[in-house]
Amino acid sequence: MRYVSTRGGGAPAGFSSILLGGLMADGGLAIPERYPQIGAELLAAWRKLGYRDLALEILALYADDIPAAELKAIVEHTYTAEVFRSDEITPLRQLQPGVHILGLSNGPTLAFKDVAMQLLGNLFEHTLAKTDAQLNIVGATSGDTGSAAEYAMRGKRGIRVFMLSPYQKMSPFQTAQMFSLQDPNIFNIAVRGVFDDCQDIVKAVSNDLAFKSRYKVGTVNSINWARVVAQVVYYFKGYFAATASNDEQVSFAVPSGNFGNVCAGHIARCMGLPIRRLIVATNENDVLDEFFHSGIYRVRSADKVHQTSSPSMDISKASNFERFIYDLIGRDGAGVRRLWQQVDRDGVFDLAGTPHFARVAQFGFVSGRSTHADRIETIRRVFRERGEIIDTHTADGVKVGLEYREEGVPLICLETALPVKFAATIVEALGRAPAAPPGLETLEQLPQRFTVIEADVDAVKDFIERNCA
């Protein structure tokens, strides 16, 4: 399996070559030259597999330059009941007949990001150990990516983590998960700005090839291909759990900000998984919803990004969206480069009325928007009908998913996080706080360690330099 850039530059490379690097040399994202095609016979064989074996089958298709025995050891070390509180790893539960929630929040930071990030940490450590190399991870988070990355990388030999987050714009629990870590290889940088400012800084650091080389900079954001492919696994697992036969179709409802999670569903569908619809659920920051309805991709300035009660989706620039657009416009790297040059110059591109936009339906995409009032009502409804508390982002997915529900087609809503991470909104909705898992009851009272920095690339580079000396 070889990987190319979404912007058409550079020579194809193997999985291990792109694993540590983040952006490609031309500023694009790594993407396979082709998606492996899963026929009926292989799909039938996979239906019988447990999570670890299924993950190994799928990852081996994309990471075929890692020896099979080594990849098997990494997968088996990653996906354990001890780490994910269940041997199922991503258990499916019924919300109502024909409507399910795929439990993705059983990892150490109680969010779906753990499913990929735990694997990424072990892949990084394995790769670096082979050459006794060092890696400085520079990432950005709007909430859950940061803690998932830090818990996956803490104490890992040869790795430092510099995680940027928008200052005072995450929930108290999310903030405490990150800032309470005292591991010497973890550095939390609170940026005065919004998530898009953090993400722009990370991309600017990655695009400074001299700095990136000198300080061995890599990334764990969803621009990292290994994270996306790790998430492909649970789409297959969820499909098998919700159906009795491979003749059936399902639809997935996916809360989305940076487009990484639903991009994994797109890849699973391109591989041959019988997905009818990929339902993109946004919050008030509805850049993606606008595109899927109009063909116009219009990023918002920092002052136009809403701070909402589903903060992990408070994103205007969906970095993984570039992978989907690459497929949508016929894998034309030069075309993608021109579109993102328009975004950089004008903040917008428009595919309305083009043959490309007409293909959105062929890829199964639809979308919808959820507001604070919507998620409050959805949380109340689910608790009233099922006695279950869901988090704010999952509520966005359920709300929009139900709008597109079709008779006879199972609907799988992807869980984003456990509700304890967004306790204030749960109290507003239900008049009661969600319970914290054992051992995390006093997390928000722990001492916190972080550095506040202006939204300035040079200031962040200086911080990295000083802490790599």
Of everything in the stretch 87-123, what is crowded, with 19+ Cβ neighbours inside 10 Å and among the acidic types (Asp, Glu)? Give them in sequence order. Asp114
Give me the residue from the stretch 416-469 that is in contact with a Pro (Cβ under 6 Å, 6 or more places away or on another chain) and not in a helix (DSSP H, G or I) and, out of that set, nearest to Asn136 (Cα to Cα). Thr416
Being under 24 Å from Ala264 (Cα atoms), among the aliphatic types (A, V, I, L, M) and in contact with a Leu (Cβ under 7 Å, 6 or more places away or on another chain) is true for just one of Leu402, Leu351, Leu418, Leu339. Which residue is that? Leu418
The stretch 454-469 - residue that is touching a residue at least 60 places away in the same chain (Cβ under 8 Å) and of a type in the set (A, V, I, L, M) and, of those, nearest to Val161 (Cα to Cα): Ile464
Among the candidates Ala152, Ala133, Ala129, single out the residue that is in a helix (DSSP H, G or I), touching a Leu at 6+ places or on another chain (Cβ under 9 Å) and under 23 Å from Tyr215 (Cα atoms). Ala152
Listing of helices (runs of 4 or more DSSP H) fully contained in the stretch 184-298 that carry 3 or more residues being over 28 Å from Leu71 (Cβ atoms) and touching a residue at least 60 places away in the same chain (Cβ under 8 Å): 195-207, 287-294
Matching residues, the stretch 307-344, being under 30 Å from Phe173 (Cβ atoms) and among the aliphatic types (A, V, I, L, M): Met313, Ile315, Ala318
Condition first: in contact with a strand residue (DSSP E or B) (Cβ under 9 Å, 6 or more places away or on another chain) and assigned to a helix (DSSP H, G or I). Now tell me which residues in the stretch 105-116 satisfy that. Lys113
Selection from the stretch 328-342 of residues without any contact (Cβ under 8 Å) to a residue 60 or more places away in the chain and either more than 23 Å from Val366 (Cβ to Cβ) or part of a loop (DSSP other than H, G, I, E, B) (or both) yields Ile329, Gly330, Arg331, Gly335, Arg338, Gln341, Gln342
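Which of the residues spanning the stretch 34-53 are part of a loop (DSSP other than H, G, I, E, B) and either without any contact (Cβ under 8 Å) to a residue 40 or more places away in the chain or among the acidic types (Asp, Glu) (or both)?
Quick first cut of the stretch 34-53, residues part of a loop (DSSP other than H, G, I, E, B) only: 34-39, 48-50.
Within the stretch 34-53, Arg34, Lys48, Leu49, Gly50 qualify.
Please find, among Leu181, Leu120, the residue that is part of a loop (DSSP other than H, G, I, E, B) and either over 24 Å from Ser316 (Cα atoms) or touching a Leu at 6+ places or on another chain (Cβ under 8 Å) (or both).
Of Leu181, Leu120, the one residue that is part of a loop (DSSP other than H, G, I, E, B) and either over 24 Å from Ser316 (Cα atoms) or touching a Leu at 6+ places or on another chain (Cβ under 8 Å) (or both) is Leu181.
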Output the number of residues of the stretch 307-327 satisfying the condition of being closer than 26 Å to Ala361 by Cα and assigned to a helix (DSSP H, G or I). 8
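Quick note: the coordinates plus some simple rules give every number you see, no bench work behind them. For clarity, every value in this text was computed on a predicted model and none was experimentally measured. All Cβ positions, even for glycine, are placed from backbone atoms using ideal geometry, and neighbour counts span all protein chains on display.
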